[in-house]
Amino acid sequence: MDSISFFIYSFMSIFVVVSPLSAVVTFISLTSKMTFEEKNDVANKAIVLGCFIAIFFAITGSVILEVFSINVDSLRVAGGILLFTIAFDMMHAKVSAESITEEEISQSHERADIWVFPIALPLLTGPGTISAVIVLMGSTAGYAEKLIILVAIVLTFAVTLMIFHFSRRIHKLIGYNGMLVFTRLMGLFLAALAVDLFSTGALNIVRSI
């Protein structure tokens, strides 16, 4: 796989897992009583923190796996199962409990630090995103590929920032039903990615026995 193809694969994998357009409905709900300036300030802080968390786990993921004596293929299998549960909820146009629960959304309306929780973590950078970036980094040996993954992470969150800044306009343009359709489509792609991770990890584990 050449550099451009690997970048596209990395970017699409991370983008589908983060799924910023699917998160727009929740983001609008949490910031509905805010002014545009306040909403954008929350978006800026949440995106920076979410991007930092994703990059942190991408860089330190291999060390974490070594500390807990976890093989990257085992993480592929676990991550595949986790991502499939998230994708299953997305295909039914539901907010996945792995990302954020309805109770957490309700309680967040009363808090001032919603940019930390639940927007940055776990809505954008939840267990699925963390698993995906660790698996991507663990699947490559060259520094060039690892740098490409980091660039893909930054680009994903840069696009997410733009989507959040224009969230109300996007919601007004494509409507609630449009959001549901897009969420289902992203769920389908995420399910395919989950199956690929699971099958690759399981096959490698069987071969190593």
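At Val116 and Ile64, where each label point lies 7 Å from the Cα along Cα→Cβ, what is the point-to-point distance in nanometres?
Result for the modelled spin labels: 1.9 nm.
Using a cut-off of 11 Å between beta-carbons, work out the net charge of the residues near Ala191 (Lys and Arg +1, Asp and Glu -1, Ala191 not included). Don't skip to the answer; put the middle values down first.
Working: positive: Arg184; negative: Asp89, Asp196.
Value of the local net charge: -1.
Taking only C-alpha pairs under 8 Å that are 6+ residues apart, what is the relative contact order of the stretch 37-208 in percent? Walk me through the intermediate numbers first.
Values: 168 pairs, mean separation 79.1, N = 172.
Reported as a whole number, the value is 46 percent.
Between 0 and 90 degrees, rounded to the nearest ten: what's the tilt of helix 143-165 against the longest Cα principal axis of the chain?
For helix 143-165, the angle is close to 10 degrees.
Report the percentage of all Cα-Cα pairs in the stretch 37-208 whose separation exceeds 26 Å, rounded to a whole percent.
Details: 4725 of 14706 pairs.
Looking at the stretch 37-208, the distances longer than 26 Å represent 32 percent of pairs.
If eta is 1.306 mPa s and T is 10 °C, what Stokes-Einstein diffusion coefficient results for the stretch 24-99, Kirkwood Rh from Cα pairs, in µm²/s?
Rounded to a whole number, D works out at 105 µm²/s.
Determine the dipole magnitude for the chain: charges of +1 sit on the beta-carbon of Lys and Arg, -1 on that of Asp and Glu, nothing else is charged, the reference point is the Cα centre, and the result goes in debye to the nearest 20. The partial results should precede the final answer.
On the way: 12 positive and 15 negative charges, 85 e Å.
Its charge dipole is roughly 400 debye.
Every number in this text was worked out from the coordinates using simple rules, so none of it is lab data. None of these values were measured; they are calculated from a predicted model. Glycine also receives a Cβ, built like all others from the backbone with ideal geometry; neighbour counts cover every protein chain displayed.
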